[in-house]
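The values are calculated or read from the model by the stated rules, or taken from the named source; none is laboratory data. Keep in mind that what you see is a predicted model, and the values were worked out from it rather than measured. Cβ sites come from the backbone with ideal geometry, for glycine too, and all protein chains shown count toward neighbours. These area figures cover heavy atoms from the full protein model, side chains too; ligands, DNA and RNA do not enter into them. Shrake-Rupley method; radii C 1.70, N 1.55, O 1.52, S 1.80 Å.
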Amino acid sequence: MTLEEMQMRRALVQARMEIQKFKLTAQLDACKQKTPLFGGSSSLFSRLASAVSFAEYGFLALKLFRTVLPWMRRKK
């Protein structure tokens, strides 16, 4: 195999790698658009977080604290 043939093969392999990177990125973007859970402004997580006010977060934290604290005291 000549030096020129080896250079051509190397260029071919690098081109294939770049094509695969592009395809992988495109598939990942398509997957993110199908199931938006945590990313983007229209994701499920961001919609749930915007639906709950700070007062409701405080109420949930207080309720959780009151539920967990007696349970922890019994274990000791």
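List of remarks:
- Label-to-label distance for F54 and D29 is 3.7 nm, based on points extended 7 Å past Cα in the beta-carbon direction.
- Area of T2 that stays accessible when all protein chains are in place (1.4 Å probe, Å², to 10): 80 Å²
- Between T2 and R16, the modelled labels are 2.3 nm apart [label points 7 Å from Cα along Cα→Cβ].
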